[in-house]
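Structure, as structure tokens:
None of the figures in this text is laboratory data; all of them are computed from the coordinates on show. Being a predicted model, the structure only gives us computed values, none of them experimental. Heads up, the Cβs are rebuilt from the backbone with ideal geometry, glycines too, and the neighbour counts pull from every protein chain shown.
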Amino acid sequence: MWGKIPILFSDGECQMCNFCVRFILANERNSDLHFSYLKSPFTKRFINSELSSVDSLILWRDGKFLTKSSAALGILSFLKWPWQFLRILYLIPKSLRDKVYDHIAKRRIQWFGARSTCYFPNSTSEKLRFIDSSS
């Protein structure tokens, strides 16, 4: 069922990751993207074992897993203009993009804090896009 549906897997306990999810919901072009938290049972079943140690963002899109800066930039195609303009960052070599991503990801809890609970949407239409453990 989930093979062709884009899914963003994020750290539900990270304030920065929760902000990103809320930002996406407020600035998206359509409702194509679905969400799951990295620690959910669904995520543990869905992602492959080599990605099980990723603790920030994973984007499932077009049958592929994107991580690090590629996942972050991949999200931009789901957003309205002018945010899509930031796709120009793909011109930066992936190795350099990933170094910057790793630097931020390593410090995100220290800089932005953590939550004891994951963000949960308010509207019914948004709730339908969050894949929970019963999926």
Average silhouette area of the chain, convex hull of alpha-carbon atoms, in square nanometres = 8.3
Cut-off under 5 Å, modelled amide H: who pairs with LEU57 long-range | LYS68
Segments 35-44, 18-27, 104-113 sorted - mean Cβ within 10 Å per residue, highest first | 35-44, 18-27, 104-113
Within the chain, helix-based [θ] at 222 nm, where runs of 4 or more DSSP H residues each add -39,500 (n - 2.57), nearest 500 = -11000 deg cm²/dmol
What does the charge dipole of region 7-127 about its Cα centre add up to, to the nearest 20 debye, if the Cβ of each Lys and Arg holds +1 and the Cβ of each Asp and Glu holds -1?
-> 160
